[in-house]
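The structure appears below as structure tokens.
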Amino acid sequence: MKEKLQTIQENFEKNVESVYTLMNFDRLILDYSISSITQLVEKLKSHHHIDNPQLTALNTLSNLQKIRKHGSLKRHYMHIFNQCIVLLVSYFGSTIADIFKFCLAERVKEGLTENIAREEIKLSLGELQEYNFNLSDCIGELVVNKKDISFQDMQSISRAFKEYFGFEPQKDKIVNNIIAGQACRHIIVHSGNIANCRLIRQISHAEPRDIKMRIKENELIEFIPDEIRIVGDSMKTYVSRIIEELLNINEY
């Protein structure tokens, strides 16, 4: 069980790091361009004895270095940064769902607790056939689908783990950062990045938190790299906590 959960966690952390890489894609491109042009300038000087900046691309190199130093193109990347939040929320929800489904299946194999034993799930013969009449490994997926359990918001996640595993994840700044990220993700995807009263209401009780402290209705939601890292790191911490709680339960 521990090994499987560690694998899920490692995959999630790799996905988060891939988002961080996407967030800094401009630096990767600039670094490559600067390196290539620097080599060209040196070759033109040393092999062809050309010192004229207009011919050696030295001016272009200088401009690229200034852009790299000051990050002057960042303001054009709002849509990409916002999509980084969308990706993080998607990876997070999928990871929590995988953890829940795997651990529920493991718990059922070990023996039904009273609350799980009372669960009623209706299946057609066709559905049973789809699972090859063996439900032991897919019971978690069945419960999630039949009970319509959502992993898209922290309240639903907390309720699911409390109901099926008997513990309620603590609500603190880490959770509040994720709540804000999830709520903003909805605005980015469904409301054209424009804050509405629903968003403000959703995050009004998510305090203390480290991001988007003051959002006004009709305000344009724009994420910056530091905020994206806060959300991603908060998600990594939350996943680690959930796994630790589940492993502790499994020991008793």
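The values are calculated or read from the model by the stated rules, or taken from the named source; none is laboratory data. The structure displayed is predicted, hence computed values, not measured ones. Heads up, the Cβs are rebuilt from the backbone with ideal geometry, glycines too, and the neighbour counts pull from every protein chain shown. What goes into the accessible areas is simple: the full protein's heavy atoms, side chains included, and nothing from ligands, DNA or RNA. Shrake-Rupley method; radii C 1.70, N 1.55, O 1.52, S 1.80 Å.
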Out of (1) open to solvent by 70 Å² or more (accessible area, probe 1.4 Å); (2) within 25 Å of SER240 (Cβ to Cβ); (3) assigned to a helix (DSSP H, G or I), what's the single condition that is false for SER156? (1)
Suppose we filter segment 181-226 for residues that are in contact (Cβ under 8 Å) with a residue 40 or more places away in the chain and part of a helix (DSSP H, G or I); how many remain? 7
Of the residues that sit in segment 232-252 and are free of Cβ contacts under 8 Å to residues at least 12 places away in the same chain and over 19 Å from MET154 (Cβ atoms), which one is most open to solvent (accessible area, probe 1.4 Å)? TYR252
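Could you say which residue among ARG229, ARG198 is of a type outside the set (A, V, I, L, M, F, W, C), open to solvent by 70 Å² or more (accessible area, probe 1.4 Å) and within 20 Å of the chain's Cα centre (by Cα)?
Numbers: ARG198 fails: within 20 Å of the chain's Cα centre (by Cα).
Just a single option satisfies the conditions, and that option is ARG229.
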Within segment 201-226, the residues that are hydrophobic (A, V, I, L, M, F, W, C), open to solvent by 70 Å² or more (accessible area, probe 1.4 Å) and within 14 Å of ASN176 (Cβ to Cβ) are MET213
